[in-house]
Amino acid sequence: MKYPAIQNYINGEFVTPATLKTIEVISPLDGKLLSTVPLSSAKDLDHAVKVAQAAFTGWSKTPIKERVQVFFRYKYLLEKHLKELAALCSEENGKTYGESVAEIEKCIELTEFATSLPQLVTGELLEVSRGVECRTEHVPLGVVASIVPFNFPSMVPNWTIPNAIALGNCMIIKPSEKVPLSCGKLAELLKEAGLPDGVFNIVHGDVEIVNAICDHPDIEAVSFVGSTKVAKIVYQRATSNCKRCLSLGGAKNHLMVLPDAIPDMTAQNVAASMSGCAGQRCMAASAMIGVGNIDAIVAKICDEARKIIPGVNLGAVINKESQERIEKYITQAEKDGAKILVDGRNTVVAGKENGTYVGPTVIDFVTPTMSVATEEIFGPVISIIRTQTVDEALAIENNNPYGNAASVFTQNGGMARYIIEKSSAGMIGVNVGVPVPREPFSFGGWNDSKFGVGDITGKSSIEFWTKLKKSTIKWNAEAGVNWMS
């Protein structure tokens with residue numbers, strides 16, 4: 001075992017949970033044992049909540065200008081430890097080192113946005129009647145929780161940590177049991193940055209802790225990122241307990257390729273979007289809808305896909321179960337009559353024979369009803385559907401239950417605007433394979449890709465992590481009595 005047994009992080013220190021139950025943490029890169037992670041109990045969560053409640057009293061009263069100083073220092077520490085964090089991310093998640101570097105760079109950007117919050121939550125003040133003024137201010141909620149997935153061990157936690165804490169809340173995070181190491185390192189950096197003990201806590205576990213978070217009476221808000229099936233359950237359970245909840249689910253993102261698309265740029269973007277992070281991201285291109293004759297572009301996509309080499313510039317998928325599930329989708333598409341142009345099944349990387357890899361896969365002549373066209377595969381697989389008109393392509397895109405992202409590749413500005421207006425997705429790209437907004441613009445989809453109001457990052461997150469207090473004030477008795485009195 002490469003690393004010591006993982007512990008919870010409560011009140012500024014790593015502590016052994018009450019439970020003796022653990023599961024192994026295996027590196028997808030080579031199948032080696034990294035550590036063990038505890039399956040904490042509701043008792044462990046309750047302890048963390050009590051600690052966070054105690055810390056909230058002082059932290060919430062600390063002026064926001066002082067709170068964000070922690071995140072100026074945290075940003076510096078992320079930069080200082082970038083290589084270490086990236087190596088750890090790659091080791092436990094399986095993505096390439098370069099992709100892991102990009103993930104930490106995004107953490108830095110997210111933290112940078114949090115340092116700007118004092119300028120964004122100044123509130124409003126207006127004299128509404130002679131001698132009478134109204135004021136609004138953003139007030140923290142209290143103890144909040146964040147449940148995060150395996151595909152971005154550092155970035156998704158940092159979707160919520162900087163903003164929620166800078167806005168005055170105290171947080172409990174539940175990392176994925178598949179990738180629990182990175183969050184522990186983030187905790188160390190936050191402490192080094194000067195975050196008071198108890199403001200940030202980690203409770204490891206599985207479904208028992210997720211349920212306990214949704215049910216705990218002293219947790220005010222819950223954010224979740226994961227599959228749509230679980231996102232719905234978390235949203236329903238948390239809101240039934242009168243909590244705020246923002247629950248992000250899965251996706252089936254469509255890239256629409258028009259005949260006037262620039263072939264080389266389109267092929268490079270489609271292949272990168274399909275294979276980045278081994279396809280294990282909710283913004284990955286999962287289906288491409290070609291309008292008209294796009295044979296030349298398809299050929300170039302295959303050429304680009306063949307340049308993507310597992311173990312070199314393509315990482316592993318998270319575990320054996322995922323590998324088998326992805327390959328079953330490819331096999332089923334072949335049985336259903338689709339044509340496999342580039343086949344990533346049965347991939348073995350020399351020297352890493354126990355790693356879990358799926359090579360880049362391009363599937364052509366897919367029909368809209370095939371499972372590879374309708375279900376989230378979460379692997380480096382692109383399904384090509386052929387249509388004759390833009391409206392037919394839009395109908396396919398809008399008929400899918402998800403609504404995370406959609407993109408169009410074209411040089412026609414009017415057609416691009418038409419598709420932006422007609423697509424039922426929260427994030428749209430034009431000649432962009434992965435249309436993730438940069439800060440301060442927020443991240444969030446529509447339909448079955450998100451449950452709850454607002455977005456998880458950017459300016460939109462302010463409304464989720466705070467509540468608005470309104471004050472009406474009159475000091476001068478000579479103002480008299482009117483209808484506002």
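The values are calculated or read from the model by the stated rules, or taken from the named source; none is laboratory data. No experiment lies behind these values; they were computed from the predicted model shown. Reconstructed Cβ throughout: ideal geometry from the backbone, glycine too, with neighbour counts over all protein chains shown. Just the protein is used for accessible areas: all its heavy atoms, side chains included, with ligands, DNA and RNA removed. Shrake-Rupley method; radii C 1.70, N 1.55, O 1.52, S 1.80 Å.
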Does residue 421 satisfy being outside any loop (DSSP other than H, G, I, E, B), under 21 Å from residue 369 (Cα atoms) and not hydrophobic (A, V, I, L, M, F, W, C)?
-> no
Could you tell me which residue of segment 94-132 is farthest from the chain's Cα centre (by Cα), considering only residues that are open to solvent by 70 Å² or more (accessible area, probe 1.4 Å) and modelled with pLDDT of 95 or more?
-> 119
Are any residues in segment 282-297 surrounded by fewer than 20 Cβ atoms within 10 Å (Cβ to Cβ) and either in contact with a strand residue (DSSP E or B) (Cβ under 6 Å, 6 or more places away or on another chain) or not in a helix (DSSP H, G or I) (or both), and if so, which ones?
-> 292, 293
For segment 256-279, state whether one or more residues are aliphatic (A, V, I, L, M), touching a strand residue (DSSP E or B) at 6+ places or on another chain (Cβ under 8 Å), at positive phi and part of a helix (DSSP H, G or I).
-> yes
Reported set for segment 400-411 where residues are assigned to a loop (DSSP other than H, G, I, E, B), out of contact with any helix residue (DSSP H, G or I) (no Cβ under 9 Å at 6 or more places or on another chain) and surrounded by 15 or more Cβ atoms within 10 Å (Cβ to Cβ) is 404
Which of (1) more than 30 Å from residue 403 (Cα to Cα); (2) surrounded by 20 or more Cβ atoms within 10 Å (Cβ to Cβ) is the odd one out, the single condition residue 135 does not satisfy?
-> (2)
What do you reckon, is residue 247 hydroxyl-bearing (Ser, Thr, Tyr) and open to solvent by 10 Å² or more (accessible area, probe 1.4 Å)?
-> no
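For (1) within 22 Å of residue 455 (Cβ to Cβ); (2) polar (S, T, N, Q); (3) out of contact with any Phe, Trp or Tyr (no Cβ under 7 Å at 6 or more places or on another chain), each residue gets a yes or a no:
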site	(1), (2), (3)
151	yes, yes, yes
167	yes, no, no
174	yes, no, yes
186	yes, no, yes
195	no, no, yes
199	no, no, no
215	no, no, yes
237	yes, no, yes
Just for strands (runs of 3 or more DSSP E) wholly inside segment 2-92: which have at least 2 residues that are open to solvent by 40 Å² or more (accessible area, probe 1.4 Å) and touching a residue at least 40 places away in the same chain (Cβ under 8 Å)?
-> 13-15, 22-26
